[in-house]
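Participant: Structure in structure tokens, see below.
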Amino acid sequence: MFLIQIQKIILFFLKNSSKYIDMEQNIILWLQSIGNSFLDIFFTIESYMASWIGALCLFLIIFFLVDKKYGLFYGCSFVLTIILNYIVKSIIQRPRPFVDNPEIVNKLNTIGYSMPSGHSVSITFMALSLVFLFVYLNKNGKLNVWNRTWFKIVSIICALLFVFVTAISRMYLGQHYISDILVGIALSVIMFFIARLFFPSFSKFYDERINKKKTNC
């Protein structure tokens, strides 16, 4: 039922935004018109950072170097979000920009459907997870610097910047329309805050398991 409602909402969006398809394609064509070898390399690297590769690196850093409980929470919720993203992609089946318009160059030689943008889902979830990690560490007395306004502002600006640059990279590389990106961001935000609601229960379950293991030892 949840997936059906998502499908209805996105299909309604696509139906009413179809008249803007030329504008979306023109944005991509303009971005590619100012392209050069440096931007090709930069946006390709950034795109990989916003993929499962970057997400895996973030998981390993958090789990092994920062906090195992939060790392496990982040890893599980991220995987569930990506699975949902692929389900929605398979339901919508929107062609990628370079399929709709031969003038748009597929700079990554990718295949598959376009909406939602998986990279936008990924980077948005990672950015939100990092900000929440700072809040979590501060609450547990491990990151007092979060109480400083300048640190909060810098953290939020950096998170927004990563999401913005990823959005530009996906259009520049010819992979997504801006509407794909916006839907991806929205899906990621919704899934993150749903996961956030379950964190207290997850935290309690994790602590009970750890205490049980210590008792058995």
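Participant: Go ahead and estimate [θ] at 222 nm for the chain from helices alone: -39,500 (n - 2.57) per DSSP H run with n ≥ 4, summed, over the residue count, rounded to 500.
Facilitator: Theoretical 222 nm ellipticity from helices: -25500 deg cm²/dmol.
Participant: Subtracting the Cα-Cα distance from 0.36 nm times the residue separation, let me have the gained length for residue 164 to residue 109 in nm, one decimal.
Facilitator: Once the chain is fully extended between residue 164 and residue 109, it gains 17.6 nm.
Participant: A further question on this structure: Measure nothing fancy, just the Cα-based angle from helix 68-92's long axis to the longest principal axis of the chain, in degrees from 0 to 90, nearest 10.
Facilitator: It works out to around 30 degrees.
Participant: Helix 52-61 versus the longest principal axis of the chain: what is the Cα-based angle in degrees, 0 to 90, to the nearest 10?
Facilitator: On a 0 to 90 degree scale, this one is about 20.
Participant: Still on this structure, please answer the following. For a quick check, take a GNM of the chain with Cα springs below 10 Å and name the residue from 123, 27, 153 with the largest mean-square fluctuation.
Facilitator: Between 123, 27, 153, it is 153 that shows the largest mean-square fluctuation.
Participant: May I have the pair-distance distribution P(r) for the chain, computed from all Cα-Cα distances with 10 Å bins from 0 and rounded to whole percent?
Facilitator: 8, 30, 32, 20, 9, 2, 0
Participant: Under a point spin-label approximation (7 Å from Cα along Cα-to-Cβ), what is the residue 79-residue 30 distance to one decimal in nm?
Facilitator: Result for the modelled spin labels: 4.2 nm.
Participant: Could you give the nm distance between label points at residue 135 and residue 42, where each point is 7 Å from its Cα heading toward the beta carbon?
Facilitator: In this crude label model, residue 135 to residue 42 measures out at 3.2 nm.
Participant: Continuing with the same structure: Using the structure shown, list the pairs from 69/89; 68/204; 69/152 with a Cα-Cα distance above 19 Å, or answer none.
Facilitator: Beyond 19 Å between Cα atoms: 69/89; 69/152.
Participant: Continuing with the same structure: Taking 45 Å as R0, compute the FRET efficiency from the Cβ-Cβ separation of residue 93 and residue 142 and round it to 0.05.
Facilitator: Computed FRET efficiency for residue 93 and residue 142 comes out at 0.50.
Participant: Enter the Cα centre distance for the pair segment 54-102 and segment 129-160, rounded to the nearest angstrom.
Facilitator: A separation of 22 Å, based on Cα centres.
Participant: Another one. Of 37, 188, 203, which has the largest mean-square fluctuation in a 10 Å C-alpha GNM of the chain?
Facilitator: Looking only at 37, 188, 203, the biggest GNM fluctuation is shown by 37.
Participant: On a straight-distance basis, which aspartates and glutamates could pair with residue 142 in a cross-link, Cα separation under 18 angstrom, same-chain partners fewer than 8 positions away excluded?
Facilitator: The qualifying aspartates and glutamates are 67, 207.
Participant: Specify the residue with the greatest mean-square fluctuation among 191, 23, 171, computed from a Gaussian network of the chain linking alpha-carbon atoms under 10 Å apart.
Facilitator: Ranking 191, 23, 171 by mean-square fluctuation puts 23 first.
Participant: Enumerate the amide H contacts of residue 96 below 5 Å, restricted to partners 5 or more residues apart or on another chain; note that Pro and chain-start residues carry no placed amide H.
Facilitator: 114
Participant: In addition: Could you state the angle between the C-alpha long axis of helix 149-172 and the longest principal axis of the C-alpha atoms of the chain, as a value from 0 to 90 degrees rounded to the nearest 10?
Facilitator: 30
Participant: Follow-up. Only Lys, Arg, Asp and Glu count, each charged at its Cβ (+1, +1, -1, -1), so figure out the dipole size of the chain about its Cα centre, rounded to 20 debye.
Facilitator: The dipole magnitude comes to about 1060 debye.
Each reported figure results from applying straightforward, stated rules to the coordinates on display, with no laboratory input. Just so you know, these numbers come straight off a predicted model, no measurement behind them. Because the Cβ atoms are built from the backbone with ideal geometry, glycine has one as well, and the counts that use them run over all protein chains shown.
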